[in-house]
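Asker: What follows is a structure written as structure tokens; I'll ask about it next.
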Amino acid sequence: MAEQKADFQAGGKNHTYEIKDGTIGPSVVDISSLYKDSGMFTYDPGFTSTASCESKITYIDGDEGTLLYRGYPIEQLADHGDFLESCYLLLYGELPNKMEKDDFVNRVTYHTMIHEQMSKFFSGFRRDAHPMAVMVGVVGALSAFYHDSTDIADPHQRMIASLRMIAKMPTIAAMAYKYHIGQPFVYPRNDLDYAANFLHMCFAVPCEDYKVNPVLARAMDRIFILHADHEQNASTSTVRLAGSSGANPFACIAAGIACLWGPAHGGANEAALNMLSEIGSVDRIPEYIARAKDKNDPFRLMGFGHRVYKNYDPRARIMQKTTHEVLGELGIKDDPLLDVAMELEKIALNDEYFVQKKLYPNIDFYSGITLRALGFPTNMFTVLFALARTVGWIAQWKEMVEDPSQRIGRPRQLYTGYPQRDYVPITQRR
Ligand code: SDX
């Protein structure tokens, strides 16, 4: 097909730029020479119309409510696969065959322990520190222990660092939880699969045997798959930008964790459950719907809305199904928060304001109810999101580092401050 062009008038001159097509999804206008050609920048705070990179990893169609990992629909991966298979797929681009899968699981399994001295980091935190604060600190500190896999120019070290991050996040997350509740750390076990091992490290105690419920382990594994990657979201863009300076992968992941913590992003699962608890009962829902619509009220319905999805978040559907599975397995017949969530969703989806603004439940809306039923406190919810998203961050970081056209990310600005002015001695100031 003939090369498409985009014409742009600026400063009385015409500029023509190439339009690049992806495999699927929106095309892009390559304006990388715009400033050189016209002396002007584009202006797109929040990057609502900006493609920051080329990627082959994850595709989202916000209008269709589609999410593909390397072309495979999230529904199929969640139904038929497991988390480590999705990790392999995200990292290497293809589903593993039996030998590749067994080798990958084995390599991850034998990287789950952390350096024994790292356990000393936790005691520097107050017990009531938010577990996400602990995660940012301890994951950032990994680069102090594993400097033999921080040379990002070495493909072998990149691969080791990727495995270490995927393998050690459950161990560190479980340690953050155990430290928070004042219980002893539980070491990883090589005879348990990834999700079961994590649940065992969180809920086992030295005084008795702890048997992981396989239905709950399967649900945990599926929740990890749903959270694994999501295109160029805020925390992934943070990891890419940090990595573009050549920073080591552990430091980049720590930056991603920090960004994910915000309530507009990964912190929404914690905020959504707190909101459902605050609403408390179905009869109080109209009051909160009104607040969410009130321009003078900063209140937002947590777990609703999305920058990209203007249709139902496909992950939210699978999460809702998982919620019912977990509550059923645990014999929780009537969870008042689930009643509030389902009634809130029903009302919101029929309210003109939400319909007009295309606000649907996102992945964070139901995840909190499920994670609470699994036994996690609310302040651990975003830690679990970070655990699962680590593979997405590391896969995107790896793709960026291996991109020959990669350069340090350095956006410009629209400056609206003072023009140059001279220094005023303090004796002459008002
Ligand atoms: C995640 O990017 C990703 O892919 C993220 C994520 C991932 O996997 O990485 O999917 C994970 O972060 C999911 C989103 C979790 N956040 C929340 O649930 C917090 C509540 N949602 C909102 O804060 C908001 O919807 C965002 C942050 C998710 C999206 O923000 P946008 O795209 O900047 O949209 P916006 O804030 O400009 O809202 C557009 C309009 C506004 O009204 P107007 O100014 O046009 O009149 O919709 C309104 C907003 O007021 N709106 C809401 C709302 N979300 C948007 N009104 C009430 N409740 C809400 N939840």
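The values are calculated or read from the model by the stated rules, or taken from the named source; none is laboratory data. Because the structure is predicted, anything quoted here is derived from the model rather than measured. Here Cβ is always computed from backbone atoms with ideal geometry, including for glycine, and neighbour counts include all displayed protein chains. These area figures cover heavy atoms from the full protein model, side chains too; ligands, DNA and RNA do not enter into them. Shrake-Rupley method; radii C 1.70, N 1.55, O 1.52, S 1.80 Å.
Asker: Using Cα pairs under 8 angstrom and six or more residues apart, how large is the relative contact order of the stretch 270-375, in percent? Walk me through the numbers before you get to the answer.
Answerer: Values: 116 pairs, mean separation 46.0, N = 106.
Result for the stretch 270-375 is 43 percent.
Asker: Quick check: at a probe of 1.4 Å, how many percent of the accessible area of the stretch 28-163 sits on carbon and sulfur atoms?
Answerer: Working: 4000 of 7370 Å².
The C+S portion of the solvent-accessible surface of the stretch 28-163 is 54 percent.
Asker: Quick one: pull the percent of accessible area on the stretch 165-231 belonging to carbon and sulfur, 1.4 Å probe, ligands and nucleic acids left out. Walk me through the numbers before you get to the answer.
Answerer: Numbers: 1320 of 2420 Å².
On the stretch 165-231, the fraction of accessible area on carbon and sulfur atoms equals 55 percent.
Asker: Can I ask one more? Add +1 for every Lys or Arg and -1 for every Asp or Glu among the other residues with Cβ under 14 Å from the Cβ of Gln183, and state the total. Please report the intermediate quantities before stating the final value.
Answerer: Values: positive: Arg127, Lys178; negative: Glu208.
Within the 14 Å Cβ shell, the charges total +1.
Asker: Right, next: Please identify the trypsin sites (Lys or Arg not before Pro) of the stretch 73-176 that satisfy two criteria: DSSP loop assignment and at most 16 other Cβ atoms within 10 Å. Which are they? Don't skip to the end; give the middle numbers.
Answerer: Numbers: sites: Lys98, Lys101, Arg107, Lys120, Arg126, Arg127, Arg158, Arg164, Lys168; in loops: Arg126, Arg127.
Of the trypsin sites (Lys or Arg not before Pro), the ones in loops of the stretch 73-176 whose Cβ has at most 16 other Cβ atoms within 10 Å are Arg126, Arg127.
Asker: Compute the Rg/Rh shape ratio of the chain: radius of gyration over Kirkwood radius, all on alpha-carbon atoms. Can you show the working numbers first?
Answerer: On the way: Rg = 23.5 Å, Rh = 23.5 Å.
Over the Cα atoms of the chain, Rg/Rh equals 1.00.
Asker: Hey, another quick one. Net charge near His230: determine it from the other residues with C-beta under 9 Å of the C-beta of His230, scoring Lys and Arg +1 and Asp and Glu -1. List each step's numbers first, then the result.
Answerer: Numbers: positive: Arg315, Arg389; negative: Asp229, Glu231.
Local net charge: 0.
Asker: For the stretch 1-122, compute Rg over Rh where Rg is the Cα radius of gyration and Rh is the Kirkwood radius from the inverse mean 1/r over Cα pairs. Please list the in-between numbers first.
Answerer: Details: Rg = 21.8 Å, Rh = 18.8 Å.
So for the stretch 1-122, dividing Rg by the Kirkwood Rh gives 1.16.
Asker: Of the trypsin sites (Lys or Arg not before Pro) in the stretch 209-285, which ones lie in a loop per DSSP and count no more than 10 other C-beta atoms within 10 Å? Mind dumping the intermediate values first?
Answerer: Numbers: sites: Lys211, Arg218, Arg222, Arg240, Arg284; in loops: Lys211.
In loop regions of the stretch 209-285 (DSSP not H, G, I, E or B), the sparsely surrounded trypsin sites (Lys or Arg not before Pro) are Lys211.
Asker: Report the longest stretch of the chain that contains none of the GluC sites (Glu not before Pro) sitting in a DSSP loop with at most 12 other Cβ atoms within 10 Å. Can you show the working numbers first?
Answerer: Details: sites that count: Glu3, Glu54, Glu64, Glu94, Glu402.
Answer from the scan: 95-401.
Asker: Another question about this same structure. Ignoring everything except DSSP H segments at least 4 long, calculate the 222 nm mean residue ellipticity for the chain; use -39,500 (n - 2.57) per segment, divide by total residues, nearest 500. Display every interim value, and only then the final one.
Answerer: On the way: 18 runs with 215 residues, N = 430.
The helix contribution divided over the chain gives -15500 deg cm²/dmol.
Asker: Let me ask something else about it. Give the separation of the Cα centroids, the stretch 252-306 to the stretch 190-224, in Å.
Answerer: 29 Å
Asker: Taking amide H atoms as placed 1.01 Å from N in the peptide plane, list the residues 5 or more away in sequence, or in a different chain, whose amide H sits under 5 Å from that of Thr58.
Answerer: Answer set, sorted by chain and number: Arg70, Glu231.
Asker: So what is the relative contact order for the stretch 10-62, in percent, with contacts set as C-alpha pairs under 8 Å and at least six apart?
Answerer: Details: 26 pairs, mean separation 13.3, N = 53.
In percent, rounded to a whole number, it is 25.
Asker: Identify all lysines with a Cα-Cα distance to Lys13 below 30 Å; exclude those on the same chain that are fewer than 8 residues away in sequence.
Answerer: Hits, sequence-local ones excluded: Lys5, Lys36.
Asker: Explain nothing, just the number: dipole magnitude of the stretch 1-156 about its Cα centre with +1 on each Lys and Arg Cβ and -1 on each Asp and Glu Cβ, in debye rounded to the nearest 20.
Answerer: Using Cβ point charges on Lys, Arg, Asp and Glu, the stretch 1-156 gives about 600 debye.
Asker: Suppose every Lys and Arg Cβ carries +1 and every Asp and Glu Cβ carries -1, with no other charges. What dipole size does the chain come out with about its Cα centre, to the nearest 20 debye?
Answerer: 1420 debye
Asker: Counting Lys +1, Arg +1, Asp -1, Glu -1, what net charge surrounds Val108 among other residues with beta carbon under 15 Å of its beta carbon? Numbers along the way, then the final one.
Answerer: Values: positive: Lys101, Arg107, Arg164, Lys168, Arg189; negative: Asp82, Glu85, Glu100, Asp102, Asp103, Asp191, Asp193, Asp221.
Counting the neighbours of Val108, the net charge comes to -3.
Asker: Using modelled backbone amide H atoms (1.01 Å from N, in-plane), which distant-in-sequence or interchain residues come within less than 5 Å of Thr66's amide H?
Answerer: Result for Thr66 returns Asp61.
Asker: Still on this model: Over the chain, with the other protein chains present, what is the accessible area per residue in square angstrom, probe 1.4 angstrom? Can you show the working numbers first?
Answerer: On the way: 21690 Å² over 430 residues.
For the chain, the solvent-accessible area averages 50 Å² per residue.
Asker: Could you give the DSSP H helices of the chain that reach 27 angstrom or more along their long axis (alpha carbon positions) and whose average Kyte-Doolittle hydropathy is no lower than 0.0?
Answerer: Values: long enough: 155-181 (39 Å, 0.16); 381-401 (30 Å, 0.89).
Helices meeting the criterion: 155-181, 381-401.
Asker: Calculate one ³J(HN,Hα) per residue across the stretch 417-429 by plugging θ = phi - 60° into the Karplus curve 6.51 cos²θ - 1.76 cosθ + 1.60, and present them in order as whole Hz with x for glycine and proline.
Answerer: Coupling constants for the stretch 417-429: x, 5, x, 4, 8, 8, 4, 10, x, 4, 5, 9, 7 Hz.
Asker: Can you tell me what the convex hull of the Cα atoms of the stretch 128-287 projects to on average, as an area in nm²? If you can, show how the numbers build up before the last one.
Answerer: Working: hull surface 49.0 nm².
Projected over every direction and averaged, the Cα hull of the stretch 128-287 covers 12.2 nm².
Asker: Against the globular-protein guess of 2.2 N^0.38 Å, express the Cα radius of gyration of the stretch 270-353 as a ratio, rounded to two decimals. If you can, show how the numbers build up before the last one.
Answerer: Details: Rg = 13.5 Å, N = 84, 2.2 N^0.38 = 11.8 Å.
Relative to the rule-of-thumb radius for its length, the stretch 270-353 sits at 1.14.
Asker: Averaging sequence separations of C-alpha pairs under 8 Å and six or more residues apart, then dividing by the length of the chain, give the relative contact order as a whole percent. Present the calculation step by step, with values, prior to reporting the outcome.
Answerer: Working: 581 pairs, mean separation 83.6, N = 430.
Result for the chain is 19 percent.
Asker: With no solvent and one equal point scatterer placed on each C-alpha of the stretch 282-430, evaluate the Debye formula and give log10 I(q)/I(0) for q = 0.09, 0.17 Å⁻¹, two decimals.
Answerer: So the normalised log intensities work out to -0.50, -1.07.
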